[in-house]
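Have a look at the structure below before the remarks.
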Amino acid sequence: MERFPHNASAVVLTISDRCAAGTQTDLSGPVVASLLTEAGIPVASTSILPDEVAEIAHALRHHAASASLIVTTGGTGLAPRDVTPEATRMVCDRLVEGLAERMRAAGLAETPLAALSRQVCGCLGTTLIVNLPGSPAGAATSLNAVLPLLPHALHLLNGHNVHRTGTLS
């Protein structure tokens, strides 16, 4: 797998009313942070936010000032309070539909319920934002589906537009 840019860092945001209220333990955030660290990108911070569009959008804008990658977990389903995609669309300059398509395809290989996931990926300046489902298994499956692409995406966002040939592994 291509290496992340040397100055890249990630932020993991868990979006969950129950986790934010302390009535449920965040299981997905630690899984996501561990996968990112193992892949070679340091996780600068993790936070838990309630399912509130304004709070999520504010956090995305705030962290985009210093992080190369923001990965959210949770709030991508069909429940009335699942608003992470709306907040992500609100702040992104450009969407990266192919990443979301790849994540859903990987999820569909495991469960037909993945078709109900509404995760969004996009760019806010030079920061890539990736929404993952809220379950630990769904988050891991989705992140693993796009993880080989993320270093190259971050290089491109930083102005390194030399395209590599070959396959990703």
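The values are calculated or read from the model by the stated rules, or taken from the named source; none is laboratory data. As the structure is a computational prediction, the values presented were derived from the model and not from experiment. A quick note on method: Cβ atoms are made from the backbone with ideal geometry, for glycine too, and the neighbour counts reach across all protein chains shown. Side chains are part of the model used for accessible areas, which takes the heavy atoms of the whole protein and leaves out ligands, DNA and RNA. Shrake-Rupley method; radii C 1.70, N 1.55, O 1.52, S 1.80 Å.
Quick notes on this one:
- Between Thr37, Thr76, Pro5, the Cα set farthest toward the positive side of the dipole of the stretch 1-111 (charges on each charged residue's Cβ, about the Cα centre) is that of Pro5.
- Here the stretch 1-111 has 53 percent of its accessible surface on carbon and sulfur atoms, given a 1.4 Å probe and all protein chains in place.
- Per residue, the stretch 37-169 exposes an accessible area of 48 Å² to a 1.4 Å probe, with every protein chain left in place.
- Rolling a 1.4 Å probe across all protein chains gives Met90 an accessible area of roughly 110 Å².
- Between Ala79 and Glu2, the simple spin-label model (points 7 angstrom out along Cα→Cβ) gives 3.6 nm.
- Computing FRET efficiency as 1/(1 + (r/R0)^6) for Thr37 and Arg89, where r is the C-beta to C-beta distance and R0 is 22 Å, gives about 0.20.
- A Cβ-based charge dipole, computed about the Cα centre of the chain with Lys and Arg at +1 and Asp and Glu at -1, lands at about 300 debye.
- Of all DSSP-defined beta bridges confined to the chain, some 25% are antiparallel rather than parallel.
- As a rough guide to protection, the peptides 130-143, 32-45 ranked by mean Cβ packing within 10 Å, highest first, stand as 130-143, 32-45.
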